[in-house]
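For reference, the structure discussed in these notes is given below.
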Amino acid sequence: FLAGFGSLMQDMLWCFSQVKGTIDTGVTEADIISTVEFNHTGELLATGDKGGRVVIFQREQESKNQPHRRGEYNVYSTFQSHEPEFDYLKSLEIEEKINKIRWLPQQNAAYFLLSTNDKTVKLWKVSERDKRPEGYNLKDEDGRLRDPSMITVLRVPVLRPMDLMVEATPRRVFANAHTYHINSISVNSDYETYMSADDLRINLWNFEITNQSFNIVDIKPANMEELTEVITAAEFHPHHCNVFVYSSSKGTIRLCDMRTAALCDRHAKFFEEPEDPSNRSFFSEIISSISDVKFSHSGRYIMTRDYLTVKVWDLNMENRPIETYQVHDYLRSKLCSLYENDCIFDKFECVWNGSDSVIMTGSYNNFFRMFDRNTKRDVTLEASRENSKPRAILKPRKVCVGGKRRKDEISVDSLDFSKKILHTAWHPSENIIAVAATNNLYIFQDKVN
């Protein structure tokens, strides 16, 4: 996998595959995509939006006429996962927006996924039905009850073929456990439990028990005026069911081991990079807040995303990251205006590729960045409808800071901060990426020669 990705990065052979979404002029708040997630095989891709909907795309089988052309992703199922609610005790509206989606490994013909809004996590079963039973004894074909006195023979029901129907049914609803907004959910490697994290607490759930959870982290101070940080993201280790990490708004990462104590208030490891006093500014605390944390597939490394950088940490070294990648350092001069328009509080996500050798994260102007950890090459690409011709090769983009601007460069003053890529996903075993740009989902793949 990913053989020759160094040359792939060098030649920028990422090509556009397809785009899903509505025309930009008709975008509504409910259409904005809020999460993207491949399942464990990469055959399904789920998106959640601010309207509480989940859309699942399925990869089509490869064409026999064109064996080298990979299958496209087409809509497989769409369902309303969450509805807007109102907390009457607190006079608080609860948005239907889907904050996170997490797939469970497939155990049978059905698929299972977790989706969450600010307060409630739901477990959904997505299954196919292409047969229907006919020939009931007590009901006629329209479903009406028959007169028992008219039943003279005993019939054996049979299954008849029907058009394929995909059904999404809620199997579990995990509610009433979070006072604050849920920002993360993570399925444990034992596949029996998962955790949900809000601003101040992390809860551990069993998939079979919906009416109670176990609180494993609580950083709420006795006096809320003493509050100095909040939890921003949390994730289980991919292989060890007792280990998890969570990040904070102070730019720190805590690794916890559930074997040491029932309540993991005391961390096993604490990852923090000392701040350079020369870079200290009014915005330092804001831009150091970590918006996403991800274990590598190997479980050896942790990747974190703050406002300006992506950092890779070795689990065995807590005092500083082993790699730091500048995502959009040219925005340092724009922090004041970004603060005024609230963009400085945007929460960008980051993802690993299948072999942990390349990382990807989003930026503004519908740009997204890729960093090759082996060759140290990086590239900026753009997701836009104008450049989205089928099989078209993406051209690298460059941002110019002051001075003369080359023909193929874009000035930092011309960047559109309303167009941002916060959510991305990478196929678990192939070079296929999904990028959410406002209400559009872009799918790219490496060019097949």
The range 222-320 - Rg over Rh from alpha carbon coordinates, Kirkwood radius: 0.98
Heavy atoms of HIS239: accessible area, 1.4 Å probe, square angstrom to 10: 110 Å²
Probe 1.4 Å, heavy atoms of protein chains only: per residue, the accessible area of the chain in Å² is 51 Å²
Given the options PRO221, PRO161, PRO84, state which has the largest fluctuation in a GNM of the chain using a 10 Å cut-off (strictly under) for Cα springs. PRO161
Scaled by the rule-of-thumb 2.2 N^0.38 Å, the alpha carbon Rg for the range 178-241 gives a ratio of 1.18
Using +1 on the beta carbon of Lys and Arg, -1 on that of Asp and Glu, and nothing else charged, what's the dipole of the chain about the Cα centre, debye to 20? 1240 debye
Take the solvent-accessible surface of the protein heavy atoms, probe 1.4 Å, and return the percent of it on the range 289-352 that carbon and sulfur atoms account for. 47 percent
Equivalent-ellipsoid semi-axes (√(5λ), Cα gyration tensor) for the range 266-391, whole Å, largest first? 24, 22, 12
Which one of ILE410, SER91, PHE112 is farthest out on the positive end of the charge dipole of the chain, using unit charges on Cβ (Lys, Arg +1; Asp, Glu -1) and the Cα centre as origin? ILE410
What percent of all Cα-Cα pairs in the range 174-285 falls in each 5 Å bin, counting up from 0? 2, 11, 20, 23, 19, 11, 7, 4, 2, 1, 0
Percent of Cα-Cα pairs more than 14 Å apart in the range 158-198, please. 68 percent
Can you tell me the Rg and Dmax of the chain, counting just the alpha carbons, in angstroms? 24.1, 93
Rounded to the nearest 500, what is the chain's calculated 222 nm mean residue ellipticity when only DSSP H runs of at least 4 contribute -39500 (n - 2.57) each, over all residues? -1000 deg cm²/dmol
Given the Cα atoms of the range 259-305, and with Rh set as the inverse mean 1/r over their pairs in the Kirkwood sense, what is Rg to Rh to two decimals? 1.07
What are the residues whose amide H is under 5 Å from the amide H of GLY362, where those residues sit 5 or more places off or on another chain and H is modelled from the backbone? GLU349, ARG369
Can you find, among SER296, ALA46, ILE432, the residue farthest towards the positive end of the dipole of the chain? Put +1 on the C-beta of Lys and Arg, -1 on that of Asp and Glu. ILE432
Contour minus Cα-Cα span, TYR191 to ASP163, at 0.36 nm per residue, comes to 6.8 nm
Using Cα pairs under 8 angstrom and six or more residues apart, how large is the relative contact order of the chain, in percent? 15 percent
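The values are calculated or read from the model by the stated rules, or taken from the named source; none is laboratory data. Everything numeric in this text was worked out from a predicted model, so none of it was measured. So basically every Cβ, Gly included, is an ideal-geometry build from the backbone, and we count neighbours across all protein chains shown. Calculation scope for accessible area: heavy atoms of the full protein, side chains included, ligands and nucleic acids excluded. Shrake-Rupley method; radii C 1.70, N 1.55, O 1.52, S 1.80 Å.
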